[in-house]
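The values are calculated or read from the model by the stated rules, or taken from the named source; none is laboratory data. The structure displayed is predicted, hence computed values, not measured ones. Note: ideal-geometry Cβ built from the backbone for every residue, glycine included; neighbour counts use all protein chains shown. These area figures cover heavy atoms from the full protein model, side chains too; ligands, DNA and RNA do not enter into them. Shrake-Rupley method; radii C 1.70, N 1.55, O 1.52, S 1.80 Å.
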Number of protein chains: 2
Amino acid sequence: MTIPAPSAAPVSYPKEGEMRWSKSERAIARKSFDRALNQELQEVIQQAKKTAAEIKQASELWELEHHLTQRRKEIDRKYEYRGSRLRYVFGSLLHEGRLTEHDLRGLHEDKLEAIRSYADFLAKVDVDA
Amino acid sequence: MTIPAPSAAPVSYPKEGEMRWSKSERAIARKSFDRALNQELQEVIQQAKKTAAEIKQASELWELEHHLTQRRKEIDRKYEYRGSRLRYVFGSLLHEGRLTEHDLRGLHEDKLEAIRSYADFLAKVDVDA
(Lines give C-alpha, C1' and ligand atoms only; values in the text may rest on other atoms or scores of the structure.)
Protein backbone atom coordinates (compact mmCIF):
# COMPACT_ATOMS: atom_id res chain seq x y z
CA MET A 1 0.00 0.00 0.00
CA THR A 2 1.39 3.41 -0.95
CA ILE A 3 0.54 6.29 1.36
CA PRO A 4 -0.16 9.36 -0.79
CA ALA A 5 2.09 12.36 -0.17
CA PRO A 6 0.43 15.18 1.82
CA SER A 7 -1.52 17.56 -0.39
CA ALA A 8 0.00 20.99 -0.95
CA ALA A 9 -3.37 22.64 -0.23
CA PRO A 10 -3.91 23.54 3.43
CA VAL A 11 -6.47 21.49 5.29
CA SER A 12 -9.58 23.63 5.48
CA TYR A 13 -11.77 21.78 7.98
CA PRO A 14 -11.32 22.05 11.77
CA LYS A 15 -8.81 19.91 13.63
CA GLU A 16 -9.72 16.92 15.81
CA GLY A 17 -12.02 17.80 18.66
CA GLU A 18 -12.81 21.25 17.29
CA MET A 19 -15.79 19.98 15.37
CA ARG A 20 -18.98 20.45 17.36
CA TRP A 21 -21.82 18.05 16.69
CA SER A 22 -25.30 19.50 17.36
CA LYS A 23 -27.99 17.42 19.01
CA SER A 24 -29.72 16.71 15.70
CA GLU A 25 -26.41 15.82 14.06
CA ARG A 26 -25.63 13.41 16.88
CA ALA A 27 -28.99 11.73 16.35
CA ILE A 28 -28.30 11.31 12.62
CA ALA A 29 -24.78 10.04 13.31
CA ARG A 30 -25.96 7.55 15.92
CA LYS A 31 -28.68 6.17 13.68
CA SER A 32 -26.39 5.75 10.68
CA PHE A 33 -23.65 4.29 12.84
CA ASP A 34 -25.96 1.74 14.49
CA ARG A 35 -27.52 0.73 11.20
CA ALA A 36 -24.15 0.16 9.50
CA LEU A 37 -22.77 -1.72 12.52
CA ASN A 38 -25.82 -3.96 12.83
CA GLN A 39 -25.75 -4.68 9.14
CA GLU A 40 -22.08 -5.64 9.23
CA LEU A 41 -22.62 -7.83 12.32
CA GLN A 42 -25.54 -9.56 10.63
CA GLU A 43 -23.31 -10.27 7.64
CA VAL A 44 -20.68 -11.85 9.90
CA ILE A 45 -23.35 -13.93 11.69
CA GLN A 46 -24.89 -15.21 8.45
CA GLN A 47 -21.49 -16.02 6.99
CA ALA A 48 -20.43 -17.83 10.20
CA LYS A 49 -23.61 -19.93 10.18
CA LYS A 50 -23.05 -20.90 6.57
CA THR A 51 -19.37 -21.69 7.14
CA ALA A 52 -20.07 -23.68 10.33
CA ALA A 53 -22.74 -25.74 8.60
CA GLU A 54 -20.19 -26.82 5.96
CA ILE A 55 -17.35 -27.74 8.34
CA LYS A 56 -16.08 -31.30 7.99
CA GLN A 57 -12.77 -31.29 9.84
CA ALA A 58 -11.15 -29.58 12.81
CA SER A 59 -8.81 -27.43 10.71
CA GLU A 60 -11.86 -25.74 9.18
CA LEU A 61 -13.27 -25.11 12.65
CA TRP A 62 -10.05 -23.40 13.78
CA GLU A 63 -10.04 -21.37 10.56
CA LEU A 64 -13.53 -20.15 11.42
CA GLU A 65 -12.42 -19.35 14.98
CA HIS A 66 -9.42 -17.35 13.67
CA HIS A 67 -11.58 -15.56 11.12
CA LEU A 68 -14.12 -14.57 13.79
CA THR A 69 -11.35 -13.23 16.04
CA GLN A 70 -10.02 -11.13 13.15
CA ARG A 71 -13.47 -9.83 12.21
CA ARG A 72 -14.28 -8.94 15.83
CA LYS A 73 -11.07 -6.94 16.21
CA GLU A 74 -11.56 -5.27 12.84
CA ILE A 75 -15.14 -4.28 13.69
CA ASP A 76 -14.07 -3.05 17.15
CA ARG A 77 -11.46 -0.82 15.53
CA LYS A 78 -13.73 0.39 12.76
CA TYR A 79 -16.77 1.34 14.81
CA GLU A 80 -15.35 3.69 17.36
CA TYR A 81 -18.12 6.04 18.40
CA ARG A 82 -16.27 9.17 19.54
CA GLY A 83 -16.86 12.65 18.16
CA SER A 84 -13.24 13.16 17.13
CA ARG A 85 -13.17 9.78 15.33
CA LEU A 86 -16.52 9.96 13.56
CA ARG A 87 -15.12 11.49 10.40
CA TYR A 88 -12.94 8.39 9.98
CA VAL A 89 -15.72 5.99 10.90
CA PHE A 90 -18.17 7.50 8.43
CA GLY A 91 -15.44 8.09 5.85
CA SER A 92 -14.64 4.36 5.93
CA LEU A 93 -18.30 3.37 5.77
CA LEU A 94 -18.86 5.73 2.84
CA HIS A 95 -15.81 4.35 1.09
CA GLU A 96 -17.00 0.75 1.61
CA GLY A 97 -20.49 1.59 0.39
CA ARG A 98 -21.99 0.72 3.78
CA LEU A 99 -23.39 4.25 3.98
CA THR A 100 -24.34 6.79 1.35
CA GLU A 101 -24.36 10.56 1.65
CA HIS A 102 -28.11 10.17 1.69
CA ASP A 103 -27.85 8.48 5.11
CA LEU A 104 -25.87 11.46 6.38
CA ARG A 105 -28.38 14.09 5.26
CA GLY A 106 -28.75 16.72 7.97
CA LEU A 107 -25.08 16.84 8.95
CA HIS A 108 -23.52 20.25 8.44
CA GLU A 109 -21.18 20.79 5.54
CA ASP A 110 -18.06 20.84 7.73
CA LYS A 111 -18.70 17.24 8.83
CA LEU A 112 -19.67 16.06 5.38
CA GLU A 113 -16.53 17.60 3.93
CA ALA A 114 -14.33 15.92 6.52
CA ILE A 115 -16.07 12.56 5.96
CA ARG A 116 -15.80 12.84 2.17
CA SER A 117 -12.18 13.87 2.45
CA TYR A 118 -11.34 10.68 4.36
CA ALA A 119 -13.40 8.53 1.95
CA ASP A 120 -11.47 10.14 -0.94
CA PHE A 121 -8.20 9.45 0.82
CA LEU A 122 -9.13 5.76 1.19
CA ALA A 123 -10.13 5.57 -2.48
CA LYS A 124 -6.76 7.03 -3.43
CA VAL A 125 -4.91 4.56 -1.18
CA ASP A 126 -6.85 1.71 -2.79
CA VAL A 127 -5.88 2.80 -6.30
CA ASP A 128 -2.21 3.14 -5.31
CA ALA A 129 -2.15 -0.22 -3.50
CA MET B 1 -9.71 -27.11 43.76
CA THR B 2 -7.76 -28.77 46.60
CA ILE B 3 -4.48 -30.40 45.63
CA PRO B 4 -4.13 -33.63 47.64
CA ALA B 5 -1.07 -33.89 49.85
CA PRO B 6 1.68 -36.15 48.45
CA SER B 7 1.16 -39.80 49.30
CA ALA B 8 3.41 -41.24 52.00
CA ALA B 9 4.12 -44.28 49.80
CA PRO B 10 7.19 -43.89 47.54
CA VAL B 11 6.50 -43.58 43.84
CA SER B 12 7.25 -46.97 42.36
CA TYR B 13 7.18 -46.34 38.61
CA PRO B 14 10.09 -44.84 36.65
CA LYS B 15 10.65 -41.10 36.41
CA GLU B 16 9.86 -38.98 33.34
CA GLY B 17 11.75 -40.07 30.28
CA GLU B 18 12.93 -43.33 31.83
CA MET B 19 9.92 -45.22 30.54
CA ARG B 20 10.70 -46.95 27.26
CA TRP B 21 7.84 -47.54 24.87
CA SER B 22 8.31 -50.54 22.57
CA LYS B 23 7.29 -50.39 18.93
CA SER B 24 4.06 -52.31 19.58
CA GLU B 25 3.28 -50.11 22.58
CA ARG B 26 3.82 -47.01 20.47
CA ALA B 27 1.37 -48.35 17.88
CA ILE B 28 -1.27 -48.97 20.57
CA ALA B 29 -0.66 -45.55 22.09
CA ARG B 30 -0.88 -43.76 18.75
CA LYS B 31 -4.10 -45.48 17.79
CA SER B 32 -5.81 -44.76 21.12
CA PHE B 33 -4.51 -41.21 21.12
CA ASP B 34 -5.75 -40.49 17.60
CA ARG B 35 -9.13 -42.05 18.23
CA ALA B 36 -9.72 -40.05 21.41
CA LEU B 37 -8.52 -36.82 19.81
CA ASN B 38 -10.66 -37.27 16.71
CA GLN B 39 -13.67 -38.08 18.81
CA GLU B 40 -13.21 -34.99 20.96
CA LEU B 41 -12.68 -32.80 17.87
CA GLN B 42 -15.84 -34.20 16.29
CA GLU B 43 -17.75 -33.32 19.46
CA VAL B 44 -16.48 -29.73 19.29
CA ILE B 45 -17.38 -29.50 15.59
CA GLN B 46 -20.92 -30.85 16.10
CA GLN B 47 -21.50 -28.59 19.08
CA ALA B 48 -20.18 -25.55 17.15
CA LYS B 49 -22.50 -26.28 14.21
CA LYS B 50 -25.48 -26.56 16.53
CA THR B 51 -24.56 -23.39 18.43
CA ALA B 52 -23.88 -21.42 15.23
CA ALA B 53 -27.21 -22.45 13.74
CA GLU B 54 -29.02 -20.99 16.78
CA ILE B 55 -27.18 -17.65 16.90
CA LYS B 56 -29.42 -14.60 16.74
CA GLN B 57 -27.20 -11.74 17.85
CA ALA B 58 -23.55 -10.71 17.70
CA SER B 59 -22.91 -11.32 21.42
CA GLU B 60 -23.70 -15.01 20.88
CA LEU B 61 -21.29 -15.12 17.95
CA TRP B 62 -18.46 -13.70 20.09
CA GLU B 63 -19.33 -16.17 22.84
CA LEU B 64 -18.92 -18.98 20.32
CA GLU B 65 -15.63 -17.50 19.15
CA HIS B 66 -14.36 -17.29 22.74
CA HIS B 67 -15.53 -20.82 23.50
CA LEU B 68 -13.74 -22.19 20.42
CA THR B 69 -10.52 -20.42 21.40
CA GLN B 70 -10.74 -21.96 24.88
CA ARG B 71 -11.50 -25.43 23.54
CA ARG B 72 -8.66 -25.25 21.03
CA LYS B 73 -6.14 -24.29 23.73
CA GLU B 74 -7.49 -26.93 26.09
CA ILE B 75 -7.25 -29.66 23.44
CA ASP B 76 -3.76 -28.49 22.44
CA ARG B 77 -2.63 -28.80 26.05
CA LYS B 78 -4.40 -32.09 26.66
CA TYR B 79 -3.22 -33.99 23.60
CA GLU B 80 0.53 -33.65 23.81
CA TYR B 81 2.03 -36.65 22.07
CA ARG B 82 5.43 -37.02 23.74
CA GLY B 83 6.63 -40.18 25.47
CA SER B 84 7.29 -38.47 28.77
CA ARG B 85 3.80 -36.89 28.76
CA LEU B 86 1.77 -39.87 27.62
CA ARG B 87 1.02 -41.10 31.13
CA TYR B 88 -0.75 -37.76 31.78
CA VAL B 89 -2.49 -37.71 28.42
CA PHE B 90 -3.85 -41.24 28.83
CA GLY B 91 -4.48 -40.73 32.55
CA SER B 92 -6.71 -37.75 31.71
CA LEU B 93 -8.50 -39.60 28.93
CA LEU B 94 -9.09 -42.58 31.23
CA HIS B 95 -10.39 -40.27 33.94
CA GLU B 96 -12.76 -38.54 31.51
CA GLY B 97 -14.00 -41.86 30.15
CA ARG B 98 -12.68 -41.06 26.68
CA LEU B 99 -10.57 -44.23 26.86
CA THR B 100 -10.94 -47.47 28.77
CA GLU B 101 -8.21 -49.82 29.91
CA HIS B 102 -9.49 -52.06 27.15
CA ASP B 103 -8.18 -49.54 24.59
CA LEU B 104 -4.77 -49.69 26.22
CA ARG B 105 -4.47 -53.49 26.14
CA GLY B 106 -0.96 -54.44 25.11
CA LEU B 107 0.83 -51.72 27.07
CA HIS B 108 3.19 -53.08 29.67
CA GLU B 109 2.22 -52.94 33.31
CA ASP B 110 4.63 -50.08 34.10
CA LYS B 111 2.80 -47.77 31.67
CA LEU B 112 -0.65 -48.92 32.76
CA GLU B 113 0.27 -48.35 36.39
CA ALA B 114 1.54 -44.83 35.69
CA ILE B 115 -1.58 -44.03 33.64
CA ARG B 116 -3.92 -45.41 36.31
CA SER B 117 -2.04 -43.56 39.00
CA TYR B 118 -2.65 -40.23 37.24
CA ALA B 119 -6.29 -41.07 36.57
CA ASP B 120 -6.70 -41.88 40.28
CA PHE B 121 -5.03 -38.61 41.18
CA LEU B 122 -7.52 -36.70 38.99
CA ALA B 123 -10.44 -38.57 40.53
CA LYS B 124 -9.19 -37.61 43.98
CA VAL B 125 -8.79 -33.96 42.95
CA ASP B 126 -12.36 -34.00 41.59
CA VAL B 127 -13.78 -35.32 44.87
CA ASP B 128 -11.86 -32.73 46.88
CA ALA B 129 -12.84 -29.85 44.59
Kindly list, by first and then second residue, each pair from a residue in the range B:111-129 that is among the basic types (Lys, Arg) to a residue that is open to solvent by 40 Å² or more (accessible area, probe 1.4 Å) and in a helix (DSSP H, G or I), limited to pairs with Cβ atoms under 9 Å and residues at least 6 apart or on different chains. B:Arg116/B:Glu101
Given (1) of a type outside the set (Lys, Arg); (2) open to solvent by 60 Å² or more (accessible area, probe 1.4 Å); (3) under 30 Å from A:Lys49 (Cβ atoms); (4) in contact (Cβ under 8 Å) with a residue 12 or more places away in the chain, where does B:Glu74 come up short, assuming only one miss? (4)
So for the range B:38-49 (the condition being crowded, with 16+ Cβ neighbours inside 10 Å, over 30 Å from A:Ser59 (Cα atoms) and at pLDDT 95 or above), does at least one residue qualify? no
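Only one of these is touching a Gly at 6+ places or on another chain (Cβ under 9 Å), open to solvent by less than 50 Å² (accessible area, probe 1.4 Å) and modelled with pLDDT of 95 or more: B:Ala119, B:Ala58. Name it. If you could, list the steps in order and put the result at the bottom.
Details: B:Ala58 fails: touching a Gly at 6+ places or on another chain (Cβ under 9 Å).
Unique residue meeting the criteria: B:Ala119.
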In this structure, does B:Arg20 turn out to be in a helix (DSSP H, G or I) and among the charged types (D, E, K, R)? no
